[in-house]
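> Questions regarding the structure given below will be posed in turn.
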Amino acid sequence: MVNELRETLDSDGVALGVLDNTYSPTLVEFYGELGMDFVWLDFEHGGPDPWDASKVEDLSRAAEGADVDLLVRLPDTDPTLVRKALDLGVRNVFLPQVKTADEVEEAVRSARFTYDGEPGERGLGSPRARRWGLKDNYVEREDAETVVGTTIETKEAVENIDDILAVPELGFVFLGPLDLSVSYGHPGELDHPDVQNALETVRSAAIDADVPVGGLGFGMDDVNEKVDAGYQILNLGSTTGALKGAVQGWLDGYDGER
């Protein structure tokens, strides 16, 4: 299968997605049928253990069946965990809480058979990603289709952003304003000048380095503004957020007594 998210990024397009924080194969499939470009699965803050092969495979099958890409945030930068997710069939992963270019490079290298003109560190077996040995041109296709990105959500990562952006084969940077607000000592104050300056520092540096930028959309006006500002990956909301809005709307519209 072609990684359509990678094709979108390579062609300077915009991918819109949603966080499924119920981790349901049914909802992953449904989001694909609704026309989402990707479904974000956040294994850092919830969900099944990413080492649990059967659960990750079920989510991946649901995405493949509905022609929607998974975007998986791992709970750690451990290269072994990166390789595990890819072998299970995930094509797009990104790293949490990074601070230095070295840890990003180690993870990206672990995802590739050939890296920056040298041997990579991805293991060559016959897992699900290879269709248990049935897929042709597996090595070349996987290196061409795999995307490894990273969140920028620590003060140290902002300070090291130029080195991080210079990591070969870095697929994208995803801005994390919530964790940045914590790292800068202003928890929850997303409009604080320190947080806003950090976000703009990373956004502008990434665009100058020709590395795709991703982030959170806080309403569709914000999404449209971020597209105009060069963002290429935007999360529109979450399953629980959508349900909250719908259910509260139903209850607010009820005229009887409860």
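The values are calculated or read from the model by the stated rules, or taken from the named source; none is laboratory data. Remember, predicted model here, so these are calculated numbers, not experimental data. With ideal geometry, Cβ positions are generated from the backbone for all residues, glycine too; neighbour counts draw on all protein chains shown. Surface areas here come from the heavy atoms of the whole protein model, side chains and all, with no ligands, DNA or RNA. Shrake-Rupley method; radii C 1.70, N 1.55, O 1.52, S 1.80 Å.
> Restricting attention to region 79-111, and to residues there that are more than 25 Å from ARG131 (Cβ to Cβ) and polar (S, T, N, Q), which single residue is surrounded by the fewest Cβ atoms within 10 Å (Cβ to Cβ)? Reasoning before the result, please.
Kept after step one, since they are more than 25 Å from ARG131 (Cβ to Cβ), are these residues of region 79-111: 95-106.
Now narrow it down to the ones that are polar (S, T, N, Q): 97, 100.
Working: GLN97: 18, THR100: 15.
Here the answer is THR100.
> Is there a residue in region 206-225 that is open to solvent by 40 Å² or more (accessible area, probe 1.4 Å), touching a helix residue (DSSP H, G or I) at 6+ places or on another chain (Cβ under 9 Å) and assigned to a helix (DSSP H, G or I)?
Yes, the conditions are met somewhere in region 206-225.
> Would you say ASP143 is open to solvent by less than 30 Å² (accessible area, probe 1.4 Å) and touching a Gly at 6+ places or on another chain (Cβ under 8 Å)? Talk me through it step by step, then tell me what you get.
Working: open to solvent by less than 30 Å² (accessible area, probe 1.4 Å): yes; touching a Gly at 6+ places or on another chain (Cβ under 8 Å): yes.
Criteria met by ASP143.
> Please state which of the following conditions MET36 fails to meet, knowing it meets all the rest: (1) farther than 30 Å from ASP102 by Cα; (2) in a helix (DSSP H, G or I); (3) in contact with a Leu (Cβ under 7 Å, 6 or more places away or on another chain).
Single failed check for MET36: (2).
> In the set GLY253, GLY171, GLY217, which member is small (Gly, Ala, Ser) and closer than 24 Å to THR100 by Cβ?
Values: GLY253 fails: closer than 24 Å to THR100 by Cβ; GLY217 fails: closer than 24 Å to THR100 by Cβ.
Unique residue meeting the criteria: GLY171.
> Oh, and also: For the structure I just gave you, tell me whether LEU5 is under 18 Å from ARG130 (Cα atoms), touching a residue at least 12 places away in the same chain (Cβ under 8 Å) and not β-branched (Val, Ile, Thr).
Working: under 18 Å from ARG130 (Cα atoms): no; touching a residue at least 12 places away in the same chain (Cβ under 8 Å): yes; not β-branched (Val, Ile, Thr): yes.
Judged against the criteria, LEU5 is not a match.
> Residues that are among the hydrophobic types (A, V, I, L, M, F, W, C): which helices (runs of 4 or more DSSP H) entirely in region 124-189 hold 3 or more of them? Walk me through it before giving the result.
Values: elements: 138-145, 155-159, 161-165, 177-183.
Here the list reads 161-165, 177-183.
> Does at least one position in region 170-181 carry a residue that is over 29 Å from SER60 (Cα atoms) and in contact (Cβ under 8 Å) with a residue 40 or more places away in the chain? Spell out the reasoning first.
Step one: list which residues in region 170-181 are over 29 Å from SER60 (Cα atoms), which gives 180-181.
Restricting the remaining residues to those that are in contact (Cβ under 8 Å) with a residue 40 or more places away in the chain gives none.
No, region 170-181 has no match at all.
> Pairs needed: first member in region 194-219, on the phi < 0 side of the Ramachandran plot; second member anywhere, among the small types (Gly, Ala, Ser) and part of a helix (DSSP H, G or I); C-beta distance under 6 Å; at least 6 residues apart or different chains.
Note: pairs meeting the criteria are VAL195/SER181; VAL213/ALA206.
> Another question, then. Give ASP42, ASP58, ASP76, ASP69 a once-over and let me know the one that is touching a residue at least 12 places away in the same chain (Cβ under 8 Å), closer than 22 Å to GLY215 by Cβ and open to solvent by 70 Å² or more (accessible area, probe 1.4 Å). Lay out the reasoning, then the answer.
Details: ASP42 fails: open to solvent by 70 Å² or more (accessible area, probe 1.4 Å); ASP58 fails: closer than 22 Å to GLY215 by Cβ; ASP69 fails: open to solvent by 70 Å² or more (accessible area, probe 1.4 Å).
When all the criteria are applied, what remains is ASP76.
> When you check GLU33 against the structure, is it in contact with a Gly (Cβ under 7 Å, 6 or more places away or on another chain), open to solvent by 40 Å² or more (accessible area, probe 1.4 Å) and modelled with pLDDT of 95 or more, yes or no?
no
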